[in-house]
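Asks: Can you read through this structure? Questions will come right after.
The values are calculated or read from the model by the stated rules, or taken from the named source; none is laboratory data. A quick note: this is a predicted structure, and the numbers were derived from the prediction, not measured. Glycine gets a Cβ as well: all are built from the backbone with ideal geometry, and neighbour counts include every protein chain shown. For accessibility, only protein heavy atoms count, side chains too; no ligands or nucleic acids. Shrake-Rupley method; radii C 1.70, N 1.55, O 1.52, S 1.80 Å.
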Amino acid sequence: MKNQEELQLSDWFNPRERPDVITTTSWLAPIVWEGTFSRKALEKHYRKQNLTTGLAVFVSGRLADQYLEMFLQSANKYFLNGYRVIFYIMVDTFVKLPQIKWGPLRQFKVFIVTEDSWQDNVDLVRMKSLAKHIIWDIQDEVDFLFSMTVTQIFQNNVGLEVLGELVAQLHAWWYFKDRASFPYERRPKSAACIPFGQGDFYYDGAFVGGTPLELLNLVEEYLNGIIHDLRFRLNSTYEKHLNKYFFLRKPTKLLSPEYNWDADFYPPPQVQYVKVAQQSKRRH
């Protein structure tokens, strides 16, 4: 007998509504595009859950002055509107926080990151910081946790459809390219290596989420990969390690390029509804 409390994929997700795009992976995980999900069904389920979601963002110096206020203002307005959200703002000691008029059910916490290597490898520092704070501060406070980069800006509602055990973001640029051209790490000695002919999608490191423990496992595997690569004097990127992780540990939900479209490019017909725009210049 079906558990009435358990949300089934068929309750909220209809892949046939978007025949123009890939909506289901080979391992049967949903790829969320506008039109494929029922907000009503998701609301009906999650209203009973009394859930709290965390959103972590990392920023230092000049980037804070340029982007932090826009990121927080837009997230306050569009991210899981109507549900409890804790914003975890991880900054260096020189950041002046903007004055935000937070909406109901919103709160924020500031963590100071003081590691000397901040400027040398920002991704390494932010992942180490995220792991530390998940263990010490976050895991008992939230049901779901997302990590984003400060150069993003929410443009439309990003709601309950993004929640999942392990959520990956499809890279807007590489989604429309052939898999053979994906910029995976190819050096065999690297922990991030995905051999030619293998791989599923190319994932964007700018938006990732899931339960706190799933995110902690992802970060710890990345940190282990960095340590492994240092033995061979290799230095692969966070995003390539992330892609290797998702190659081995398949995400339970994927977000379409609508959730992180590169603002430098006009959206193709498949991207009908840009929900989050990436403000930085093309990174590849």
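Asks: Please work out the average accessible area per residue across segment 77-194, using the 1.4 Å probe convention, and give it in Å². Mind dumping the intermediate values first?
Replies: On the way: 5540 Å² over 118 residues.
Accessible area per residue, segment 77-194: 47 Å².
Asks: Given the pairs LYS48/LYS101; LYS48/LYS240; LYS101/LYS177; LYS77/LYS253; LYS48/LYS253; LYS77/LYS132, which span a C-alpha to C-alpha distance of over 31 angstrom in this model?
Replies: Values: LYS48/LYS101 27 Å; LYS48/LYS240 38 Å; LYS101/LYS177 41 Å; LYS77/LYS253 24 Å; LYS48/LYS253 21 Å; LYS77/LYS132 28 Å.
As for pairs spanning more than 31 Å Cα to Cα, those are LYS48/LYS240; LYS101/LYS177.
Asks: List, in order, the whole-Hz ³J(HN,Hα) value for each residue of segment 127-133 obtained from phi through the Karplus relation with A = 6.51, B = -1.76, C = 1.60 and θ = phi - 60°; use x for Gly and Pro.
Replies: 6, 4, 5, 4, 4, 4, 7
Asks: Connecting C-alpha atoms closer than 10 Å in a GNM of the chain, tell me which of ALA29, ALA192, ALA168 has the biggest fluctuation.
Replies: Of ALA29, ALA192, ALA168, the Gaussian network model singles out ALA29 as fluctuating most.
Asks: On a 1.4 Å probe surface of the protein chains, which of PHE58, PHE265 comes out largest in accessible area, and what is the full order?
Replies: PHE265, PHE58
Asks: Of the peptides 170-178, 102-110, how do they stack up when ordered by the mean number of other Cβ atoms within 10 Å, highest first?
Replies: Result, highest mean Cβ count within 10 Å first: 170-178, 102-110.
Asks: State, as an integer percentage, the relative contact order of segment 141-261 based on alpha-carbon contacts under 8 Å between residues 6 or more apart. Walk me through the numbers before you get to the answer.
Replies: Details: 182 pairs, mean separation 48.7, N = 121.
Answer for segment 141-261 is 40 percent.
Asks: Turning to a different aspect of this structure: Compute the relative contact order of the chain as a whole-number percentage, counting only Cα pairs closer than 8 Å that sit 6 or more residues apart in sequence.
Replies: 21
Asks: Something else now. Please calculate the 1.4 Å probe accessible area of LEU51, with all protein chains present, and give it to the nearest 10 Å².
Replies: Looks like 10 Å² after rounding.
Asks: Can you show me the helix-derived [θ] at 222 nm for the chain, built from DSSP H runs with n ≥ 4 at -39,500 (n - 2.57) apiece and divided by the number of residues, rounded to the nearest 500.
Replies: -7000 deg cm²/dmol
Asks: Here is a further query. Report the gain in length on full extension from ARG16 to LYS96: 0.36 nm times residue separation, minus Cα-Cα distance, nm rounded to one decimal. Each step should come with its number before you reach the end.
Replies: Values: separation 80, 0.36 × 80 = 28.80 nm, distance 4.72 nm.
That works out to 24.1 nm of additional length.
Asks: Output the Cα-based Rg and Dmax of segment 151-246 in Å, rounding Rg to one decimal and Dmax to a whole number.
Replies: According to the Cα coordinates of segment 151-246, Rg and Dmax are 14.4, 44 Å.
Asks: Which residue, ALA64, ALA206, ALA41, tops the fluctuation ranking in a GNM of the chain built on C-alpha contacts under 10 Å?
Replies: ALA41
Asks: Round to a whole angstrom and tell me the spacing of the C-alpha centers of segment 31-72 and segment 202-259.
Replies: Value for the Cα centre distance between the two parts: 19 Å.
Asks: How much solvent-accessible surface does ASP140 expose, in Å² to the nearest 10, with a 1.4 Å probe and all protein chains in place?
Replies: Roll a 1.4 Å probe over it and ASP140 shows about 150 Å².
Asks: How about LYS189: which aspartates and glutamates have a C-alpha closer than 20 Å to its C-alpha, ignoring those fewer than 8 places off in the same chain?
Replies: Within reach: GLU220, GLU221, ASP229, GLU239.
Asks: Let me ask something additional. What list of ³J(HN,Hα) values in whole Hz, one per residue of segment 201-210 in order, does the Karplus curve 6.51 cos²θ - 1.76 cosθ + 1.60 (θ = phi - 60°) give from phi, with Gly and Pro shown as x?
Replies: For segment 201-210, the Karplus-derived couplings read 9, 10, 9, 8, x, 6, 8, 8, x, x Hz, x marking Gly and Pro.
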